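Just below is one structure, and these are the notes that go with it.
The values are calculated or read from the model by the stated rules, or taken from the named source; none is laboratory data. Every value quoted in this text rests on a predicted model; they were computed, and no experiment measured them. Heads up, the Cβs are rebuilt from the backbone with ideal geometry, glycines too, and the neighbour counts pull from every protein chain shown. Heads up: the accessible areas ignore ligands, DNA and RNA and are worked out on the full protein's heavy atoms, side chains in. Shrake-Rupley method; radii C 1.70, N 1.55, O 1.52, S 1.80 Å.
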Amino acid sequence: MLIATFNMKNSYSPSPSKSWTKRADSAAELIRKRGLDVIGTQELTPRTKNYLEKELNEYIFVGESRGSASISDEYNSILLKKSIFELLETKTYALSKDINKKGSKFLLDVFPRICTIAHVIYEDYKYLIINTHLDNLFASNRKHQLEVLTNIIKMEKEPYEDIIIMGDFNMHLTGDLKKFEKENKLVDAVPRELGSSFREFDRKEPIDHIFVPESNFEVVRAEYDTNKYNGINPSDHYPTVVEVSRKK
């Protein structure tokens with residue numbers, strides 16, 4: 001299975017070099033050329049989503065928006081290749097004290113934070129796929145959001161389902177995120193040696209992560225797609241791409 005997590009850069013950027021009109025074809029071309037099976041998106045705005053849904057009709061787009069003001073609204077959509085996935089159910093939860101209240105957030109959150117879940121069948125196995133984007137400012141808020149995410153996993157995961165969790169966690173694999181990984185019996189498929197996918201800031205370790213069950217999966221390869229498409233980078237984040245296979 002070829003999985004990607006991709007922060008697409010908000011389409012309302014005032015900078016001409018980062019405008020969505022210049023990056024739109026590049027983003028669509030990347031997804032087409034890589035032949036990705038499943039993609040978790042961050043900073044996907046209504047404008048971005050409408051464009052990509054028209055361009056990429058080979059994918060199912062699932063997930064509701066977080067419910068903030070239109071200029072800052074965001075989807076953590078999951079894109080599923082229609083030819084290989086059967087979608088059973090999907091929901092979007094708020095990462096807050098009230099997970100079912102759209103637009104709810106913790107006290108210091110600038111924006112509501114959400115996660116999108118999808119129950120699917122792939123090659124006769126059931127999966128719970130989760131995509132999210134955590135707070136970028138406060139470690140305390142990320143801690144609370146991870147706790148909520150763990151509770152959602154406990155509530156949603158069915159017997160014999162394997163979990164795949166992806167997203168921009170805005171944190172390295174230490175502390176609270178390492179605890180989250182261990183508690184949910186997962187392993188990060190993105191090695192620290194890759195450094196950060198956020199190409200405009202020289203962080204030493206990944207902040208975009210893809211977690212898979214440590215007992216059932218092996219990571220075949222992991223990389224950042226640093227290529228330009230149609231002559232430009234599609235975002236300020238390199239897409240994080242991993243290939244995983246089930247252990248035999």
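What is the distance in Å between the Cα centres of the range 62-106 and the range 171-248?
Distance between centres, Cα-based: 21 Å.
Report, ordered by chain and residue number, the lysines lying within cross-link reach of Lys101, taken as a straight Cα distance under 17 Å and ignoring same-chain residues fewer than 8 apart.
Lys91
Quick one: Debye curve from the alpha-carbon atoms of the range 106-224 only, equal weights, vacuum; give me log10 I(q)/I(0) at q = 0.11 Å⁻¹ to two decimals.
The Debye formula, applied to the Cα set alone, gives -0.37.
Picking from Phe85, Pro239, Ile153, whose Cα lies most toward the positive end of the charge dipole for the chain (charges on Cβ: Lys, Arg +1; Asp, Glu -1)?
Pro239
Could you give the size of the charge dipole of the range 171-236 about its Cα centre, using +1 on the Cβ of each K and R and -1 on the Cβ of each D and E, expressed in debye and rounded to the nearest 20?
Value, rounded to 20: 60 debye.
Straight distance only, please: which aspartates and glutamates reach the Cα of Lys248 with their own Cα at less than 12 Å, same-chain residues fewer than 8 apart left out?
Glu218
Would you calculate a helix-derived [θ] at 222 nm for the chain, using -39,500 (n - 2.57) for each DSSP H run of n ≥ 4 and dividing by the full residue count, to the nearest 500?
It comes out at -6500 deg cm²/dmol, rounded to the nearest 500.
Using only the Cα atoms of the range 134-178, construct the convex hull and provide its projected area averaged over every direction, in square nanometres to one decimal.
Its average projected convex-hull area is 3.3 nm².
Using a simple charge model, +1 on the beta-carbon of Lys and Arg, -1 on the beta-carbon of Asp and Glu, nothing else, what dipole does the range 84-234 show about its Cα centre, in debye to the nearest 20?
So the magnitude is around 640 debye.
Can you tell me what percent of all Cα-Cα pairs in the range 64-106 are more than 16 Å apart?
It works out to 48 percent of all Cα pairs.
How much of the DSSP bridge set in the range 131-223 is antiparallel, in percent, rounded to the nearest 5?
70 percent
Can you list residues from other chains, or at least 5 along the same chain, whose modelled amide H is less than 5 Å from the amide H of Thr45?
Ser11, Tyr75
With every protein chain left in place and a probe of 1.4 Å, what is the accessible surface of Ser245, to the nearest 10 Å²?
Its accessible surface works out to 40 Å², give or take rounding.
How would Val110, Val187 line up by accessible area, probe 1.4 Å, largest first?
Val110, Val187
Calculate the tail of P(r) for the chain: the fraction of all Cα-Cα distances greater than 24 Å, expressed in %.
Considering the chain, 41 percent of its Cα-Cα pairs are separated by more than 24 Å.
Using a probe radius of 1.4 Å on heavy atoms only, what accessible surface per residue do you get for the range 60-115? Whole Å² is fine.
Computed with neighbouring chains in place, this is 49 Å² per residue.
Do any of Lys81/Lys179; Lys126/Lys247; Lys9/Lys102; Lys126/Lys185 go past 20 Å between their Cα atoms, and which?
The answer is Lys81/Lys179; Lys9/Lys102.
Under a 5 Å amide H to amide H cut-off, with H placed in plane at 1.01 Å, what residues pair with Ser196 once short-range neighbours are removed?
Arg203, Glu205
In the range 117-165, what percent of the accessible surface is made up of carbon and sulfur (1.4 Å probe, ligands and nucleic acids excluded)?
Carbon and sulfur: 52 percent of the exposed surface of the range 117-165.
Which order do Val220, Val244 take by accessible area at a 1.4 Å probe, largest first?
Val220, Val244
At 1.4 Å probe size, put Tyr51, Tyr160 in order of accessible surface, largest to smallest.
Heavy-atom accessible area, descending, gives Tyr160, Tyr51.
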